[in-house]
Amino acid sequence: MSATSSQVKSPAGDLTASINQTSPLVNGIKLALLMVFNAFLLILSYSFFYDDNIGLSIVFFLIFVLINATIFLPSLSPIRWMVPGLALIIFLVLYPIVYTVLVSFTNYGDGHLLSKAQSIDLIQERRYVPDDAITYNWEAYQNEAGEYGLWLTREVDDGIETAFAREGGSAIEILDDAAEEPPSEFDGFTQLDRAGRTQALQALSETIFGEGEDTAQIVNRREVARPLNQRFVYDDNADTITDLATETTYVADGELGFFIDQNDANNQLSPGYRVGVGFDNFERLINDPGLRGPLVDIFVWTVVFAMLSVLTTFAMGLFMAMVMNDPGVPARKILRSLLIIPYAIPGVIGILVWRGMLNENLGIITNAIADSFINYRIPWFTDAIWAKVAIILVNLWLGYPYMMLICSGALSAIPSDIYEAAAVDGATPTQRFWRITLPLLLVTVGPLLVASFAYNFNNYLMIELLTRGDPPIAGSPVPAGYTDILISYTYGLAFGSDRGADYGYASAITIIIFALVAAITMLQYRFTKTWEETGENV
Amino acid sequence: MSNDTQKTKEAAPSGGTAERDSGRSRMAQSQQEYYISLVVRLSIIGVAIIFALFPVLFVVSSAFNPEGTLSTQSFVPSGIDSVDDLTTNFQALMVDELEQFPFWNWIANSAFVAGISTILIVMISALAAYSFSRFRFTGRRSLLLFILLVQAFPNLLAMVALFLIMNDISRLADVIPQALPFLDFIDWGFIELLGLNSLGGLILVYLGGAMGVNTWLMKGFFDSIPKDIDESAVVDGATHWQTFWILIFPLVRPILVVVGILAFVGTFNEFVLARVLLRDKEQWTLMLGLFQFINADFNRDWGKFAAGALVSAVPVVAIYLALQDQIVGGLTVGAVKG
C-alpha cells in the first residue's frame, strides 16, 4: 500500500510536498506579515466605527474577512490571487457607489458636514465672556508654525501684570518680571506689525488661547477677556442644547439636522448635522421649478452632445479611413501617424490650446476670421449656440483619429469579393457604401460607438476645460450654463458653487446618471452579445 | 483582377479588334480616373492634416515665441533676435518662476503617480488573470462578469463620494489615537499619505479601476499559453507561485507591455480625479499644473503654458506613435475611452 502511493505521485500530492518543503523561516515571516496586516485592517475598521463611520468600518472588515478566508480555506485559494484587485474594487468602486446612494438620501453639504456627535462636540467647545471676566490689552505674535500668541498686559494695584497666551493647549503664562514694552521676539514668536495684525484679526478673533478652564479670547481690537466660560451644554436625555449666556434652549430637529430655538424657528445653532431626508433630494429634482428648468435643458444638451460627438467623429473617421484605404496613397504609414497625433496629445493640453485659439478677443482663429472677408468676430464662448459649435468642433478634432483607426481595421476585414459581386450586379458606389460597407462596418464598430456615446455622455473634461459650462443660464437658482452636461452640472453643485457644497443633491443627480449609464451599458451588451461570448469563452 | 482578365479573354474571341481597342481606351480612361481620385484623396488628406496639426504648430510656435502672452501670438513667431529669445518661455518655466509654478515638482509627481500606478495595475491584473485562466472554481464565471460590469461605471461618476471617502481616510490620523489610545506610540501621520491631497491617495483611486478590462485582456492572452507548461512545472515540484513568476510571467510579456502603456498614458493624462483630490500646488500633477497656468489669467502665462505643454506632450506622443499598433489593438479590444 505504501509502495504504490510512493510510486504514483499525484500533482496535488507533489504540491503539498513542495509547500512543506518551504523553510519554516519563510512561513514564519509570511505569517508575521499576515498578522501585521490583519491588525492594521482591524485597527482601521474599529477606528472608523469609533468615528461613527459605519460604512468604511464594514468595508475594511470585509477586506479583512476576504483576505483571511482565501488564505485559510483551501477551496477559496484561487481567489487569493485576485485579493488585491477585489479589495480595491470593494473599497474604491463598490463602496463609492453604495455611498453615493446613501448620501443622496441625506442633507450632507455645507452647513451639514458633520455627524450629530461631532457637531455637538464642536458647539460645546464654544466659549463666552462672562460678566466677571478680566480684560487685558493685547499684542499679536506668530511663530514659524503659524500659531498665534498674545502678549497681554493690564493694570493692577501694584503696577502692571503681564502674561503670554499661546494658541492650542498650553496654559497662559504669567510673566513676573517682564519688560515693560512688548519685545519683538518672545520664545520663538515674532511680533506682528500693524499690517500683519490687521490681516490676522479675523483668524485671531476666532482663536481660543490657553487651555482647560483658563482660556482667553480677543473681544475687540484692544481687549482680551479671561477666563471664558463654556457657552453651550448638551443634555443627553432631553436631546437639547442650552445656551448659558442667553438661557435659550435649542431642541434637536431630526428632520432638518439643526438644533432649533423652540420660541424662534429661525434661530438655529450652526453647524447643523447630517440627517436622512428621505426622497427630498429627488423630489427637488422633479418639483422645484427653478431646478427643473435648467435640468431639462442640461439633459437634452447632454444627449445631443453625446450623439453629435459620436456622429461627427465617426463620419470623419470613416471618411478618412476610406480615403486612406487606397494602397496607391504614398507614405501611408507616415500620413496615418500625422493624422492620429490629436489623439496622442493629452486631452487636457489639446482642449486648452483650442480654448486659446478660439478666445474671443485674442484667439488666432477668431482674429483670422474677423480679419477675413467674413468680417465677423465669432462669440465662441458667450453665445450659447457658438459655444456648442466650439465644443463639437474640438471634440471632432480630439476624437476622429480613434474612429479612423477602428474603421480602417474594420474596413480591411470586409471581404473584397462582396464588392466584386456588387460591381457585377451594377451597384453604384453610393449604393455599395450604404448597402454593404456601412452595415458590415456597424457590426464590428457598433459596440465601440455605443461605448463612445457613454464616454461622451460623461465627458466632463471637455466641458470643464473648454467652456466650464458657460454661458450661464440667466435666472437659474443654482449655477448652470448652456453648455453644462449632467456631470459638470453635478460637479458644480458638489464643489464649485457659491451657495456652498450640496453633496446630497449632487449624489441624487449622480444616481440618475448611474441609471442612464447602466441602461446604455445594457444596450451595449445586447449589441455585442457579450453575454453569449463570455458564455463560450468561459 | 484575375476575374477581369478572364472576362476580357472570354469576350475577345467573339468580338473583333475594334472591341479590343475600346477596351484599351476604357482602361486608359479608368487609369485617368484613378489618378484623379488619387489627387482628390491626397488633397483631402492634406486638408485633414492641416486640421489635425494646426493646433500643434500653434503650440510649438507659442512655446518658442518670446512674447509670452496670448494676445501677442501669431502663427509665425515674431521678435526673435537671438537664440536666447527662443528659450524665454522655457527659462521662465524651468528656472525663473519655480516659486510660483513648481514645474519640476509636477513632473516628478506625474512620473511617480503614473509609474507606480502602472506597475501595480499590471501586477494586480496579471495575478487575477492567471487565476482566472488556470484555476477552475465555483463562482469563477460570475466573478469574471462582475469585474467587467463593475468597471462599466466610470469612477469619475463617484467623484463626490471618492472625495468624501478620501477625506475620511485623512481624518484617521487623528481618530486612531483617540479610538485606541494604547497605540499612541505609533505615528499615524503616515495615513495622510493615502488620503486627500496626497499622491498616494490618487494612486489608490486609480488602482480601483485596475482590474476589469485589463484582467479580461490579459486572461485572453494567458489562455493562449499552453497549460502543459504549468503542469510539467508542477510535476517537477514547483508551486503555483513559482510557475507563475518564473515560467508564465516572461511568456506573457507582450500583453503586459500593452496594458502597461495604456495604464501609463491613461494615468499620466488623467485630470478630473486629480483635480478633485489634490489641493496644494506642490502636490499637483503635470496636467493640473498646466491647467493652472491659464486658469487664473488666460492671456498672461500663455507662452509658459505652451512650453510646458510641449515638454509634457512630446513623450506621450512619441510613445503613441512608436507603439500605435499595440495601443490600437488594446483599445479596440477594451472598447473603452473614445
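Every number in this text was worked out from the coordinates using simple rules, so none of it is lab data. Everything numeric here is computed off the predicted structure, so don't read it as measured data. Every residue, glycine as well, gets a Cβ built from its backbone with ideal geometry; the counts of neighbours run over all protein chains shown.
Under the condition of being of a type in the set (Ser, Thr, Tyr) and touching a Ser or Thr at 6+ places or on another chain (Cβ under 8 Å), which residue from the range B:282-325 is farthest from the other protein chains (Cβ to nearest Cβ)?
Step one: of the range B:282-325, the residues of a type in the set (Ser, Thr, Tyr) are B:285, B:312, B:320.
Cutting the leftovers down to touching a Ser or Thr at 6+ places or on another chain (Cβ under 8 Å) gives us B:285, B:312.
Working: B:Thr285: 10, B:Ser312: 7 Å.
The residue in question is B:Thr285.
Regarding B:Ala126, is this residue among the hydrophobic types (A, V, I, L, M, F, W, C), touching a Ser or Thr at 6+ places or on another chain (Cβ under 6 Å) and buried (at least 18 other Cβ atoms within 10 Å of the Cβ)?
no
If you go through the range A:196-219 one residue at a time, how many are in contact (Cβ under 8 Å) with a residue 24 or more places away in the chain and either exposed (fewer than 13 other Cβ atoms within 10 Å of the Cβ) or of a type outside the set (D, E, K, R) (or both)? I'd like the intermediate steps shown before the answer.
Going through the range A:196-219, the residues in contact (Cβ under 8 Å) with a residue 24 or more places away in the chain turn out to be A:196-197, A:200, A:203-204, A:207-212, A:214-219.
Retained after the next criterion (residues that are either exposed (fewer than 13 other Cβ atoms within 10 Å of the Cβ) or of a type outside the set (D, E, K, R) (or both)): A:196, A:200, A:203-204, A:207-210, A:212, A:215-219.
Residues that pass the stated criteria total 14.
In this structure, is B:Asp184 surrounded by fewer than 18 Cβ atoms within 10 Å (Cβ to Cβ), more than 9 Å from every other protein chain (Cβ to nearest Cβ) and of a type in the set (D, E, K, R)?
On the way: surrounded by fewer than 18 Cβ atoms within 10 Å (Cβ to Cβ): yes; more than 9 Å from every other protein chain (Cβ to nearest Cβ): yes; of a type in the set (D, E, K, R): yes.
When the stated conditions are applied, B:Asp184 passes them.
For the range B:260-290: of the residues being of a type in the set (Gly, Ala, Ser) and over 18 Å from B:Ser198 (Cβ atoms), which is surrounded by the most Cβ atoms within 10 Å (Cβ to Cβ)? Break it down into steps so the answer makes sense when it comes.
Step one: filter the range B:260-290 for residues of a type in the set (Gly, Ala, Ser), giving B:260, B:263, B:266, B:274, B:289.
Remaining after also requiring over 18 Å from B:Ser198 (Cβ atoms): B:260, B:263, B:266.
Details: B:Gly260: 16, B:Ala263: 23, B:Gly266: 17.
It comes out as B:Ala263.
How do the helices (runs of 4 or more DSSP H) wholly within the range A:438-495 filter down when requiring 1 or more residues that are farther than 28 Å from A:Met403 by Cα: which remain? Steps first, answer last, please.
Details: elements: A:438-457, A:460-466, A:486-491.
Passing ranges, in order: A:486-491.
Looking for whichever is more than 10 Å from every other protein chain (Cβ to nearest Cβ) and either among the polar types (S, T, N, Q) or under 26 Å from A:Leu92 (Cα atoms) (or both) here; the options are B:Arg275, B:Arg253, B:Arg279. Which one fits? First the steps, then the outcome.
Details: B:Arg275 fails: more than 10 Å from every other protein chain (Cβ to nearest Cβ); B:Arg253 fails: either among the polar types (S, T, N, Q) or under 26 Å from A:Leu92 (Cα atoms) (or both).
Residue meeting the stated conditions: B:Arg279.
Considering the range A:92-121 alone, what residues qualify as being within 14 Å of chain B (Cβ to nearest Cβ), closer than 24 Å to A:Thr240 by Cβ and not in a loop (DSSP other than H, G, I, E, B)?
Those that are within 14 Å of chain B (Cβ to nearest Cβ), closer than 24 Å to A:Thr240 by Cβ and not in a loop (DSSP other than H, G, I, E, B): A:Thr106, A:His112, A:Leu114, A:Ala117, A:Gln118, A:Asp121.
Looking only at the range A:184-195, decide whether some residue is closer than 28 Å to A:Asn229 by Cα and touching a residue at least 60 places away in the same chain (Cβ under 8 Å).
no
For the range A:336-349, name all the residues that are surrounded by 21 or more Cβ atoms within 10 Å (Cβ to Cβ) and more than 7 Å from chain B (Cβ to nearest Cβ).
Matches in the range A:336-349: A:Tyr343 only.
Tell me whether the range B:105-115 contains one or more residues that are on the phi < 0 side of the Ramachandran plot, touching a residue at least 24 places away in the same chain (Cβ under 8 Å), surrounded by fewer than 20 Cβ atoms within 10 Å (Cβ to Cβ) and outside any helix (DSSP H, G or I).
No, the range B:105-115 contains no residue that is on the phi < 0 side of the Ramachandran plot, touching a residue at least 24 places away in the same chain (Cβ under 8 Å), surrounded by fewer than 20 Cβ atoms within 10 Å (Cβ to Cβ) and outside any helix (DSSP H, G or I).
Take B:Val160 and tell me if it is on the phi < 0 side of the Ramachandran plot, surrounded by 15 or more Cβ atoms within 10 Å (Cβ to Cβ) and within 10 Å of another protein chain (Cβ to nearest Cβ).
Numbers: on the phi < 0 side of the Ramachandran plot: yes; surrounded by 15 or more Cβ atoms within 10 Å (Cβ to Cβ): yes; within 10 Å of another protein chain (Cβ to nearest Cβ): yes.
Yes, satisfied.
Across the range A:318-335, which residue is farthest from the other protein chains (Cβ to nearest Cβ) among those that are under 41 Å from the mean Cα position of the chain (by Cα) and in contact (Cβ under 8 Å) with a residue 40 or more places away in the chain?
Restricting to residues being under 41 Å from the mean Cα position of the chain (by Cα) and in contact (Cβ under 8 Å) with a residue 40 or more places away in the chain, the top hit is A:Leu318.
Please state which of the following conditions A:Ala384 fails to meet, knowing it meets all the rest: (1) of a type in the set (Gly, Ala, Ser); (2) more than 14 Å from every other protein chain (Cβ to nearest Cβ); (3) farther than 27 Å from A:Phe305 by Cα.
Failing condition for A:Ala384: (3).
Within the range A:351-368, track down each residue that is more than 7 Å from chain B (Cβ to nearest Cβ), in contact with a helix residue (DSSP H, G or I) (Cβ under 9 Å, 6 or more places away or on another chain) and in a helix (DSSP H, G or I). Walk me through it before giving the result.
First, the residues of the range A:351-368 that are more than 7 Å from chain B (Cβ to nearest Cβ): A:351, A:355, A:358, A:360-361, A:363, A:365-368.
Add one more test, that the residue is in contact with a helix residue (DSSP H, G or I) (Cβ under 9 Å, 6 or more places away or on another chain), and what stays is A:351, A:355, A:358, A:360-361, A:363, A:365-366.
Across the range A:351-368, the qualifying residues are A:Ile351, A:Arg355, A:Ile365, A:Thr366.
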